[in-house]
1. Among the residues of the range 212-226 satisfying the criterion of being without any contact (Cβ under 8 Å) to a residue 24 or more places away in the chain, part of a helix (DSSP H, G or I) and of a type outside the set (D, E, K, R), which is nearest to Ala266 (Cα to Cα)?
2. Applying the selection to the range 222-236, what residues are closer than 14 Å to Leu289 by Cβ and either modelled with pLDDT under 55 or small (Gly, Ala, Ser) (or both)?
3. Take the conditions surrounded by 23 or more Cβ atoms within 10 Å (Cβ to Cβ) and within 30 Å of Ala296 (Cα to Cα) and apply them to Ala168. Does it pass?
4. Considering the range 178-200 alone, what residues qualify as being among the polar types (S, T, N, Q), within 25 Å of Leu115 (Cβ to Cβ) and surrounded by fewer than 17 Cβ atoms within 10 Å (Cβ to Cβ)?
5. Hey, among the residues in the range 147-165 that are buried (at least 24 other Cβ atoms within 10 Å of the Cβ) and not hydrophobic (A, V, I, L, M, F, W, C), which one's nearest to the chain's Cα centre (by Cα)?
6. Just a yes or no: is a residue in the range 246-257 assigned by TED's automatic domain parsing to the domain that holds Thr217, surrounded by fewer than 18 Cβ atoms within 10 Å (Cβ to Cβ) and modelled with pLDDT of 90 or more?
7. Among the residues of the range 201-212, which ones are surrounded by fewer than 17 Cβ atoms within 10 Å (Cβ to Cβ) and aliphatic (A, V, I, L, M)?
8. Does the range 198-208 contain at least one residue that is assigned to a helix (DSSP H, G or I), closer than 16 Å to Ala267 by Cβ and among the hydrophobic types (A, V, I, L, M, F, W, C)?
Amino acid sequence: MVHLRVYAPPAAVPGLLTRLRRAEVRHVVLSGHTADTGLELVTAELEPDATDSILDALVALGLDPDDITISRVETASPAATRDTPSPRRDRDDALVWTEVSDEAVENVGLRPTYLAYMAVAGVIAAFGVVEHSAVLIVGAMAVSPDLLPLTAACVALVARRPKLLARAVGALVPGLATGIFAAFLVTLALTGLGIVPRSIDIGHGVIGGLATVGEATVGVALAAGVAGMLSFESRANFAVGVAISVTTIPAAAYMGVAAGLGRWHAASGALAVLTVNLTMLILAGTTTLAVQRALARRHNGRTSQR
């Protein structure tokens, strides 16, 4: 369920209430006016799949967008007399474009903590490469926060917002570069201290596949892009973020380790894998979001005609 709060001038309230009564809303409440601005507070409960069209209609009434807010509310109702889920639960996963767009804007940026996480992921993955440890590689994937800039780039492409795209790329590229550089420094330290010989073989087994582009590279990245976008929309990104990072941080760390060992051919192969993966991730995520947005607009168009 989506909770709507609108602060409206008293003269606009009748039109606002009329518009809400025509839409898919419940429990419209007029709560009185604010003490400082004199605006009237109107609240209501919206169905997720009708939220975007209602917000567009409210802005069209001339209301200030900064005075219109929505929040996702997790609800539970007495279920003693029910043996099946409420039919309304089936609509809770509907795409709310306003939520997705706002989340992308707020959570993408070149912040110190983001770079720190990417550096930590690069260090852990570097040890995973030199130790041939799948456990460490998975651990690095769990730490890496690159889901946010990747999904923000998809939102920017669908919405045709070049400034947001620039912000997303401006966070993604330095973040991956930080992971690569961290893996490079770890490798130099390990070889310099004699802990890892420069002749170590990093080209066999599963780890060696990080430097070779194949059909699995494309297929896994496409599937991860779909999963990543769906998880971002449903705010399950911490769990499914690993699906995104399986195609980014391992190849980035392999590139750093190979460069630290002077294996430039292997490093260029890992760069090719990383480039293909990023392209497929963004392609799959953008397509997923575009299809969902088109379906949501089609549904909203039918709703508005009722």
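1. First pass over the range 212-226, keeping only residues without any contact (Cβ under 8 Å) to a residue 24 or more places away in the chain: 214-216, 219.
Still in the list and also part of a helix (DSSP H, G or I): 215-216, 219.
Subsequent filtering for residues that are of a type outside the set (D, E, K, R) retains 216, 219.
Working: Ala216: 18, Gly219: 22 Å.
Only one residue fits best here, namely Ala216.
2. Listed by number, the residues that qualify are Gly225, Ala227, Gly228, Ser231, Ser234.
3. Working: surrounded by 23 or more Cβ atoms within 10 Å (Cβ to Cβ): yes; within 30 Å of Ala296 (Cα to Cα): yes.
So Ala168 fits the description; yes.
4. Our first condition is that a residue be among the polar types (S, T, N, Q); within the range 178-200, this holds for 178, 187, 191, 199.
Then drop every residue that is not within 25 Å of Leu115 (Cβ to Cβ), which leaves 178, 187, 191.
Scanning the range 178-200 gives no hits.
5. Thr151
6. Our first condition is that a residue be assigned by TED's automatic domain parsing to the domain that holds Thr217; within the range 246-257, this holds for 246-257.
Still in the list and also surrounded by fewer than 18 Cβ atoms within 10 Å (Cβ to Cβ): none.
Taking every residue of the range 246-257 in turn, none turns out to be assigned by TED's automatic domain parsing to the domain that holds Thr217, surrounded by fewer than 18 Cβ atoms within 10 Å (Cβ to Cβ) and modelled with pLDDT of 90 or more.
7. Just the residues of the range 201-212 that are surrounded by fewer than 17 Cβ atoms within 10 Å (Cβ to Cβ), to begin with: 201, 204-206, 208, 212.
Passing the criteria: only Val206.
8. If we filter the range 198-208 for residues that are assigned to a helix (DSSP H, G or I), which is where we start, we get 205-208.
Now drop any that are not closer than 16 Å to Ala267 by Cβ, which leaves 207-208.
With the extra rule that they be among the hydrophobic types (A, V, I, L, M, F, W, C), the set shrinks to 207.
Yes, the range 198-208 has at least one match.
The values are calculated or read from the model by the stated rules, or taken from the named source; none is laboratory data. What you see is a predicted model; the values in this text were computed from it and never measured. Cβ: placed from backbone, ideal geometry, glycine included. Neighbour counts: every protein chain shown.
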